[in-house]
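Here the structure comes first, spelled out in structure tokens, and everything after it is commentary.
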Amino acid sequence: MAKGRELKSRIKSVEGTRKITRTMEMVSTSKLKRAQDRVVAARPYARALADVIADLYSPALAEQFPLLRQPAAVKRAAVLLITSNRGLAGAFNANLIREARQLLAKLGEASADTELHLFGR
């Protein structure tokens, strides 16, 4: 009879784990939805800011202020990669690492001296 009790206990444990997992999924879906809503709401402001900056920039102004000039070639670059330490962020971290590798390859083709600084797990 001990096997029957063990089996019932195991079934209850799996059902409890399933409930917790389902709850975590619902919470993460809610957070994602809120974050997406904030991004969509911020787009008009970002577009307006980009328009204002584009209107302010001129080649004559770039000649006067060296920080506005685009360099002809990148000689030195530092890449700062910050990954997430939170759980369930494997895909996010993988995308960040892929983008960093592509950037490093592009800088390597331009024969730039690069430094890579990593933060996160």
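Observations
- Comparing Cα centroids, segment 99-115 and segment 1-67 end up 28 angstrom apart.
- Remark: segment 71-121 is approximated by an ellipsoid whose semi-axes, taken from the C-alpha gyration tensor as √(5λ), come to 26, 11, 6 Å, largest first.
- Taking amide H positions as modeled 1.01 Å from N, with prolines and chain starts lacking one, the residues under 5 Å from A77 and 5 or more places away or on another chain are D113, T114, E115.
- The three principal axes of the Cα atoms in the chain give end-to-end lengths of 88, 36, 18 Å, sorted in falling order.
- Debye intensity ratio I(q)/I(0), log10, segment 1-68, q values 0.11, 0.25 Å⁻¹ (C-alpha model): -0.59, -1.01
- Qualifying lysines (Cα of each under 21 Å from Cα of K12; at least 8 residues distant if same chain): K3
- Each Cα pair under 8 Å and six or more residues apart adds its sequence gap; the mean of these over the residue count of the chain is a relative contact order of 25 percent.
Read the figures in this text as sums done on the coordinates, not as results from a lab. Given the structure is predicted, the values throughout are model-derived calculations rather than measurements.
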